[in-house]
Amino acid sequence: MTEPLLKVTGLTVEFLGRHGTVRAVDDVSFTIGRGEIIGLVGESASGKSTLGLALMRMVPSPGRISSGSISLEGQDLAALSEAEMRTVRGSRISLIVQDALATMNPVTTIGEQIEEVIRDHGDRSSRAERMTRAATMLREVRLPNVDQNLRRFPHELSGGMQQRVAIAEGLVLGPQVIIADEPTTALDVTVQAQILSLLREICDTRGTSIVFVTHDLATVAEICDRVMVMYAGRIVESGTVREVFRQPAHPYTKALLSGLLPLAGEPLAELDTLSGQPPRPEDWPTGCRFHPRCPLGEALDHPEICMTDDPHVDESQPHWAACHFAELQQPALTEEVAG
Amino acid sequence: MLQYVIRRILIVIPLLLALSVLLFLYVHAVPGDPIAGMLGPNGSPELIAQIRADRGLDRPLLEQYADWLAGLFRGDLGVSLLTGQKITPVVIARIPATVQLTLMSLFFTILIGLPAGFVAGRHRGTWIDKVLSPAALLGLSMPVFWIGTLLILVLAVNLHWLPTGGYIPFTQNPARSLQLTFMPAFALGIHLSPFLARMVRATTIELQQEQFVIQASMKGLLPRTITYRYLLRNAIVPVLVILGLQLGTLLGGQVIIEQLFNWPGIGRLLVEGAIQRDYLVVQSLILVIAAVYVIVNLGVEVLHAWLDPRVRL
Amino acid sequence: MNTNMLDAINAAKPKLRRRITTVPVGGAKAITFQAVVGHRRALLGAILTAIVVLVAVVSIFWTPYDPTAFKTGAPFSPPDLAHPMGTDVYGRDILSRIMAGAQVSLTVAASAVAAAAIAGTVIGLVAGFVGGVLDLLATRIVDIMLAIPGLVFALGIVALLGPSARSVTVALAIVYTWQFARIVRSVVISVRSRSYVEAARGLDVGPLTIMGKDIFPSVLPILIVQVTTALAWGILDEASLGFLGLGVQPPNPSWGSLLIEGRQYLYDAPWLALGAGSVVVVAVLGVNFLGDGLREIVDPRSGRKN
């Protein structure tokens, strides 16, 4: 196997709270290959957005990356100085978020905003040349009427157009990795589909990798190559979309896929265990963090190991699940891994 | 944009008319009678009656108002009760001095308030904020004549750098004129800037929590770009609105400062009129000041809408 | 974070206005003794204010010298042990006069603010609660009144009534009323639709009961903050009118009248103006600290901002 584009090892994000530190992201490791789209799914407090920000080294205060490495093409981002990291942001890793309008300077035009990004990353060409480059990028993301829209203000565009501009801004310097945090949630369904296919296309033509943070499993199934399921600050299952969706090995993934536990909103199921809120970082359970809500554990009459021991996993496997009883859950998995 | 301007003007016109009614009634609210009030014990009933007739004050109220309003549209503010002179030329003669002081005061207000507030907000919680914020509160607690008095004592009485007061028209001797404007304008600047600074600080802090400023760091923009293009540029727009609303405080403070520095402006005319109980002069000046305040704020709103396109909608 | 576009547009200006008129609408917390003691700035302000009030009260019974007595020392003697703040042209003791002046100035400011608060609250409550044409009319009147710069307005009224403590009180009361009315009305509007008020309406309770039991308690914390802010204005404006010769007339001592006396001798005896001025600064600073602190207690969000 060739060297992965992005290799995250033991990444831990701590928040300094009133009652000591809490780990919003706890010892997370994964890799992304070139041109790969990886889905990161989980409930709202699972730490998925924090993980996305941590990859940019933009964890909001009082949070900080307390340990781990983020290796982009062999260079450890976690060890860079803030000034060096600035040159990485927006040029080698970009972040695209849900509410595009809120992310744009209300008093500068679309063109100027993109031109600024190009300039601040050391482009010494003339302003006009940079503007042309911005316009080219906007055409690539298929923004209509680029020449007029360059001079418009962000709020004068439609939601779908704003999102295209945000994508253009993230892509203009040709980053290797894009972190897309719910980039389509605020849009209506048809526009959503257009933006998703645009992202997929960019990935294929430019070889850009995307970390797609979402709670929408349908989207993951549609555009992702691989998926990571996050629960309570940890990745509990990881594998190709095909494997994970067909043969979920973690009871949590299984509950998600069966629709018993929607990622947003109230659980549909009347199951006592699954109902209730996901745990908050300040009071994560011991042992397997899913055990208080785990239907499998209940079926097995609450084995003690679930309450005392962290399930250990071999993260080098293409498909793995952090469950003491992963084999029971999905016998096919062991065979597949063994074979 | 044009629609926005028209909408704003349609709100301001009735406001100005209502102001004129209020100020018309003001003169007639004088306990007893404005003439008797002005003349005091010296006014014999015959004299009072004669002046009343001269000034047309014995006619029906509505007729008097209609006349007065018609005069206003022609720019005629009426006649001083005391001297019998037309008020408009007297007011116009005072305008250059007042406008010069107002503009210089605004200049100092911005010069002090904008950087102080921006720096305090940008470096919130650091020593510089911890010095500037209480300083602003202290500034808010100082009466403007007190600031002026201190300046006179230090700069004029002790150091002899500047004269204690007076005015020379700008057209007559620009350098000397500006020199004389310095102290009164600086006093007003110190008086007004704390409020501006607090508002700018609050705006800057709020801006730093806005998604688009956070996103600016995500885009890897230079700190310089974020400070100037993202923060300062967005913080300046509200400054206009704040200054517009502060014009009321400025005009009030100017009344006091003109008195302290022997500045022959509108404010001193107002105080002279009030002390001499020349109600028609007081009435005219309050109307002029309020109208200027309202119209300037209309202008500010339009300018704000032009600068921040989101407001227009 | 997910700022809705319309909200952003609507927020752009009213947010600013709201901050300027200092109305922390909604979510107002009660002002308790503990909260004030626990807030450093509020506590400092409360102590300073208490000292100033205490001095004013003491002056009723005792001052170092008779504040109106001539020749308590040599005329124009600079501050020394016998006269800690010096003497004026007639040899009157400045400290005694400032103490007595505190009584007059604070009474003027407090009565004006009390009257304005009551009148403004009634206008705001009725306008906001009844709504409709009455509200529209009240709002327009408030707009007109606020279009005249405060000090200019007060000056006009004092010119009408003749310079005296009573006139200044009446003038300031009239000028301050409208700010109170505007703030109270905005709180009432925000509270009116809240469920508990609606419920009370549904239960066929009289409008006075709803206003008294449901609406007024929501208005109260913000009202207290505004009263404090207005007190600071009151002290400043009394002094300013006095300085212009339109306040309390000499020889009666008030901070304003002491300042106009001091102004005449600014070059020979600067301590006259500086002494009275410094006391005004300290008093207003105390009230401002208190007001600032109370605002943060009532609206913790403002703590971040101010």
In the set B:Pro169, B:Pro163, the lone residue that is farther than 30 Å from B:Leu298 by Cα and surrounded by fewer than 24 Cβ atoms within 10 Å (Cβ to Cβ) is B:Pro163
Every listed condition ((1) within 18 Å of C:Pro149 (Cβ to Cβ); (2) part of a helix (DSSP H, G or I); (3) at pLDDT 90 or above; (4) more than 10 Å from chain C (Cβ to nearest Cβ)) holds for B:Gln254 save (4)
Counting only residues that are surrounded by 15 or more Cβ atoms within 10 Å (Cβ to Cβ), free of Cβ contacts under 8 Å to residues at least 60 places away in the same chain and not hydrophobic (A, V, I, L, M, F, W, C), the stretch B:103-128 contains a total of 1
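Here are B:Val131, B:Val99, B:Val154: which of them is within 24 Å of B:Leu285 (Cα to Cα), part of a helix (DSSP H, G or I), without any contact (Cβ under 8 Å) to a residue 60 or more places away in the chain and out of contact with any Leu (no Cβ under 9 Å at 6 or more places or on another chain)?
B:Val99
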Any chance C:Ile157 is part of a helix (DSSP H, G or I), touching a helix residue (DSSP H, G or I) at 6+ places or on another chain (Cβ under 6 Å) and surrounded by 17 or more Cβ atoms within 10 Å (Cβ to Cβ)
yes
Test for B:Leu82: is it assigned to a loop (DSSP other than H, G, I, E, B) and either of a type in the set (S, T, N, Q) or surrounded by 19 or more Cβ atoms within 10 Å (Cβ to Cβ) (or both):
no
Set C:Ala30, C:Ala46, C:Ala42: member being closer than 26 Å to C:Ile189 by Cβ and either modelled with pLDDT of 60 or more or among the aliphatic types (A, V, I, L, M) (or both):
C:Ala30
When the stretch C:150-179 is examined, which residues are found to be in contact with an Asp or Glu (Cβ under 9 Å, 6 or more places away or on another chain) and farther than 26 Å from C:Ala100 by Cβ?
C:Gly150, C:Ala159, C:Trp178
Go through (1) more than 7 Å from every other protein chain (Cβ to nearest Cβ); (2) over 30 Å from A:Pro106 (Cα atoms); (3) touching a residue at least 60 places away in the same chain (Cβ under 8 Å) one by one and return the number of the condition B:Glu272 breaks.
(3)
Expected output for the stretch A:236-256 (first residue free of Cβ contacts under 8 Å to residues at least 24 places away in the same chain, partner small (Gly, Ala, Ser) and not in a helix (DSSP H, G or I), Cβ below 7 Å, 6+ apart or cross-chain) is none
Counting only residues that are among the polar types (S, T, N, Q) and closer than 10 Å to C:Ser105 by Cα, which one in the stretch C:234-259 is surrounded by the most Cβ atoms within 10 Å (Cβ to Cβ)?
C:Ser254
Test set (1) of a type outside the set (Val, Ile, Thr); (2) assigned to a helix (DSSP H, G or I); (3) in contact with a Phe, Trp or Tyr (Cβ under 9 Å, 6 or more places away or on another chain) - C:Ser111 fails condition number:
(3)
Some residue of the stretch C:102-111 being in contact (Cβ under 8 Å) with a residue 24 or more places away in the chain, of a type outside the set (Gly, Ala, Ser) and under 15 Å from C:Trp271 (Cα atoms):
no
Does the stretch C:209-226 contain at least one residue that is more than 23 Å from the chain's Cα centre (by Cα), not hydrophobic (A, V, I, L, M, F, W, C) and not in a helix (DSSP H, G or I)?
no
Conditions (1) buried (at least 21 other Cβ atoms within 10 Å of the Cβ); (2) closer than 26 Å to B:Phe170 by Cα; (3) facing chain C (nearest Cβ under 8 Å) -> B:Gly189 fails only (3)
Just checking, does the stretch A:23-43 include any residue being surrounded by fewer than 20 Cβ atoms within 10 Å (Cβ to Cβ), within 14 Å of chain B (Cβ to nearest Cβ) and assigned to a loop (DSSP other than H, G, I, E, B)?
no
For residues that are facing chain A (nearest Cβ under 8 Å) and crowded, with 22+ Cβ neighbours inside 10 Å, scanning just the stretch B:221-241, find the one that is nearest to the chain's Cα centre (by Cα).
B:Tyr230
In the set B:Leu307, B:Leu303, B:Leu270, the lone residue that is at pLDDT 90 or above and not basic (Lys, Arg) is B:Leu270
With the condition kept exactly as written, say whether any residue in the stretch C:70-81 is surrounded by fewer than 17 Cβ atoms within 10 Å (Cβ to Cβ), in a loop (DSSP other than H, G, I, E, B) and aliphatic (A, V, I, L, M).
yes
Yes/no for B:Tyr293 being crowded, with 20+ Cβ neighbours inside 10 Å, modelled with pLDDT under 90 and of a type in the set (Phe, Trp, Tyr)
no
Would you mind stating whether C:Tyr65 is touching a helix residue (DSSP H, G or I) at 6+ places or on another chain (Cβ under 8 Å) and part of a loop (DSSP other than H, G, I, E, B)?
yes
Complete set of residues in the stretch C:59-68 that are more than 17 Å from C:Gly262 (Cβ to Cβ) and surrounded by 14 or more Cβ atoms within 10 Å (Cβ to Cβ):
C:Ser59, C:Thr63, C:Pro64, C:Tyr65
Among helices (runs of 4 or more DSSP H) entirely within the stretch A:53-144, at least 2 residues that are buried (at least 19 other Cβ atoms within 10 Å of the Cβ) and of a type in the set (Gly, Ala, Ser) occur in A:127-140
Please go through the stretch B:131-160 and give me each residue that is of a type in the set (S, T, N, Q) and either surrounded by fewer than 17 Cβ atoms within 10 Å (Cβ to Cβ) or in contact with a Cys (Cβ under 7 Å, 6 or more places away or on another chain) (or both), ordered by number.
B:Asn158
Among the listed residues C:Val152, C:Val133, identify the single one that is assigned to a helix (DSSP H, G or I) and surrounded by fewer than 21 Cβ atoms within 10 Å (Cβ to Cβ).
C:Val133
Can you name the number of the only condition in (1) modelled with pLDDT of 90 or more; (2) touching a His at 6+ places or on another chain (Cβ under 9 Å) that B:Ile226 fails?
(2)
Which of the residues that make up the stretch B:192-214 are touching an Asp or Glu at 6+ places or on another chain (Cβ under 9 Å) and within 14 Å of chain A (Cβ to nearest Cβ)?
B:Gln211
Condition met for C:Ala154 (within 19 Å of B:Ala274 (Cα to Cα) and within 14 Å of chain B (Cβ to nearest Cβ)):
yes
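Would you say C:Ile183 is among the β-branched types (Val, Ile, Thr), more than 14 Å from chain B (Cβ to nearest Cβ) and within 18 Å of the chain's Cα centre (by Cα)?
Numbers: among the β-branched types (Val, Ile, Thr): yes; more than 14 Å from chain B (Cβ to nearest Cβ): yes; within 18 Å of the chain's Cα centre (by Cα): yes.
Considered against the rule, which asks whether it is among the β-branched types (Val, Ile, Thr), more than 14 Å from chain B (Cβ to nearest Cβ) and within 18 Å of the chain's Cα centre (by Cα), C:Ile183 comes out as yes.
The values are calculated or read from the model by the stated rules, or taken from the named source; none is laboratory data. Just so it is clear, the model here is predicted, and its values are computed rather than measured. Note: ideal-geometry Cβ built from the backbone for every residue, glycine included; neighbour counts use all protein chains shown.
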